[in-house]
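**Q** Dropping a structure here in structure tokens format, bear with me for questions.
The values are calculated or read from the model by the stated rules, or taken from the named source; none is laboratory data. Quick caveat: nothing in here was measured; it's all calculated off a predicted structure. Cβ coordinates were reconstructed from backbone atoms using ideal geometry, including for glycine residues, and neighbour counts include every protein chain displayed. Just the protein is used for accessible areas: all its heavy atoms, side chains included, with ligands, DNA and RNA removed. Shrake-Rupley method; radii C 1.70, N 1.55, O 1.52, S 1.80 Å.
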Amino acid sequence: MGLPDASGDLSSEMEVDAFRRLFPLRFYERHLAESIRPDGRPLGRARDTTIALGAVTSADGSALAKIGSTTMLAAVKMEVMTPSMESPDEGCIAIDFHMPPICSPIVRPGRPAEAAPVVSKQLSDTISSGKAAWMAYLDIYCLDADGALFDAALLSAVAALFHLQIPAVSLNDDGKIVVSEEDGGKLEKEPVNKEKRKLTLRSIPFSLTCILHKNYILADPTSEEEAIMETLVTVVLDSSSQLISLYKPGGAVLAYTSAVQDCIALTRQRVRELQKILDEANSGMEVD
Amino acid sequence: MEIDRVDGRTANQLRPLACSRNILNRAHGSASWSQGDTKVLAAVYGPKAGVKKNENPEKACVEVIWKPKTGQIGKLEREYEMIVKRTLQSICILTINPNTTTSVIVQVVNDDGSLLPCAINAACAALIDAGIPLKHLAVAICCCLADSGYVILDPTKLEEQKMKAFAYLVFPNLILSVLPEGSLKVVGEPMEHAIITSVTQGAMSVDDYLHCLDRGRAATAKMSAFLRKTLQPQISSDSSKAG
């Protein structure tokens, strides 16, 4: 096997797949020079995104989000709790992010992936709730990890909360609040809230992860791209264009102000796309 | 409009900085960094042979262990470990000693706000003390945004909790650097203006964030001058360390 010469034209001597495995960075740079990526996307475009609401019928709210091949399933269960002393009007939300071994060849059973606790913490920082004395358990399962985990997780969490309907409750004899039976024949007590209410969300956060490599900014990376070019920037904007988070955890490439502004601009565009997709999914549900 | 801070500082004023090197005997490098009452101790061991699973053996690797002052290690500590690891990996020259692991242990001695930047500064000073080859130094700072849109630097814990949003920013610091002259200016902006790491919490507008970046940059000039001054004189009197 000859070594590549300075002109680098080894691709004529070996198959494209072999070149991709052996010299991944050069393979990518050849594509970036033409402003395109191996899967045919232009640099600023994200992969096809779909949202399916109500994927889990036993949960109070759920959603399945897919960005390209990255699949996340989020489900919310509500429970009544006594609020804490400091904030008697606020409920609380507990977020757990799981990466079961099904999602990726590098995750093995018994050892939690490095990303899992980090993504859960980032999600807790981004989403905050505050309604009555409800405790919401939000669980997100990664079913397929193919890059941009945080984006898909946030999208599925937001969609699940969008889909959430707070169950009807009533006061029983001991003065405790119990969840009433849905289609039970007789209700002994009048339910405190007659119908299931939907959660009103103040403003919805959407995110976009970009990779910085030399002068290029690649939006929505796949796991292969993430492994080769390690510098990630995740920007979370909400629907009122406030910056919720700009997360860049180190990385070999430094972000100049111009790069930061480009990432934010790409994210703004993505927020509009995601808002539209979420609205379509929502109206699709209501027709049923 | 002036903002009143509890300890009487102005918006741009940092707390008193203190840094000591070589405080642990057995570690290959160690440093403690304190900003006001926040104090962090960092120790460096390495390079040791071998890398962990899933790491690239063609490069050196940095492993970070974060020890909180009290309590069990949870998600927050894991996230901090990841952020410090990736920040330090971007400043180390990873190709010099391939297939080795350098361990950085960060011990929180006291947390009074701006903890992560203090830890990154301590880790950077410890790496210098250990003699690990670095491309350039890193200086970290915390910028807080008040409701009125005012930016204050280096908040205490109380200020951090009261404020609408804050951002931890890490900038490179390179008066002397191994990089060639030409690469120091990209798109007309000097390299000191780029960010290595940014972690924000709370909602702020995009302009406020850019404003924080500017203020943070201005303040890091003072911090880097302090860092270099503290580390300079001990280099000539350093005895060689084992390992």
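**Q** Of everything in region B:39-77, what is exposed (fewer than 15 other Cβ atoms within 10 Å of the Cβ) and within 11 Å of chain A (Cβ to nearest Cβ)? Give them in sequence order.
**A** Residues satisfying the conditions are B:K52, B:K53, B:N54, B:N56, B:I73, B:G74.
**Q** Related question: Please go through region A:5-31 and pick out each residue that is under 16 Å from A:I228 (Cα atoms) and either open to solvent by 90 Å² or more (accessible area, probe 1.4 Å) or modelled with pLDDT under 85 (or both). Can you show your working first?
**A** Let us first name the residues in region A:5-31 that are under 16 Å from A:I228 (Cα atoms), namely A:17-31.
Listed by number, the residues that qualify are A:D17, A:R21, A:L22, A:R30.
**Q** Additional query: Of everything in region B:101-135 that's of a type outside the set (A, V, I, L, M) and surrounded by 21 or more Cβ atoms within 10 Å (Cβ to Cβ), which residue is nearest to B:T70 (Cα to Cα)?
**A** B:G113
**Q** With region B:1-53 as the region, which strands (runs of 3 or more DSSP E) entirely inside it contain at least 3 residues that are touching a residue at least 40 places away in the same chain (Cβ under 8 Å) and among the hydroxyl-bearing types (S, T, Y)?
**A** Fully inside region B:1-53 and qualifying: B:29-35.
**Q** A further question on this structure: If we scan region B:78-88, do we find a residue that is open to solvent by 10 Å² or more (accessible area, probe 1.4 Å), among the aromatic types (F, W, Y) and more than 11 Å from chain A (Cβ to nearest Cβ)?
**A** no
**Q** Please determine whether any residue of region B:129-147 is at pLDDT 85 or above and part of a helix (DSSP H, G or I).
**A** There is at least one residue in region B:129-147 that is at pLDDT 85 or above and part of a helix (DSSP H, G or I).
Residue by residue, here is whether (1) among the aliphatic types (A, V, I, L, M); (2) crowded, with 16+ Cβ neighbours inside 10 Å; (3) more than 8 Å from chain B (Cβ to nearest Cβ) holds:
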| residue | (1), (2), (3) |
| --- | --- |
| A:I204 | yes, yes, yes |
| A:I211 | yes, yes, yes |
| A:A227 | yes, no, yes |
| A:L232 | yes, yes, yes |
| A:V236 | yes, yes, yes |
| A:Q242 | no, yes, no |
| A:Q275 | no, no, yes |
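**Q** Tell me, please, whether a residue that is part of a helix (DSSP H, G or I) and touching a residue at least 12 places away in the same chain (Cβ under 8 Å) can be found in region A:235-246.
**A** No: zero hits.
**Q** Right, another one. How many residues does region A:244-273 contain that are at the interface with another protein chain (Cβ under 9 Å from one of its Cβ atoms), open to solvent by less than 40 Å² (accessible area, probe 1.4 Å) and not hydrophobic (A, V, I, L, M, F, W, C)?
**A** Looking only at that region, the number is 8.
**Q** Still on this structure, please answer the following. Would you be able to say whether some residue in region A:110-129 is at pLDDT 60 or above and among the small types (G, A, S)?
**A** No: region A:110-129 contains no residue that is at pLDDT 60 or above and among the small types (G, A, S).
**Q** Can you find, within region B:89-115, the residue that is nearest to B:I73 (Cα to Cα) among those that are part of a strand (DSSP E or B) and within 14 Å of chain A (Cβ to nearest Cβ)?
**A** B:V104
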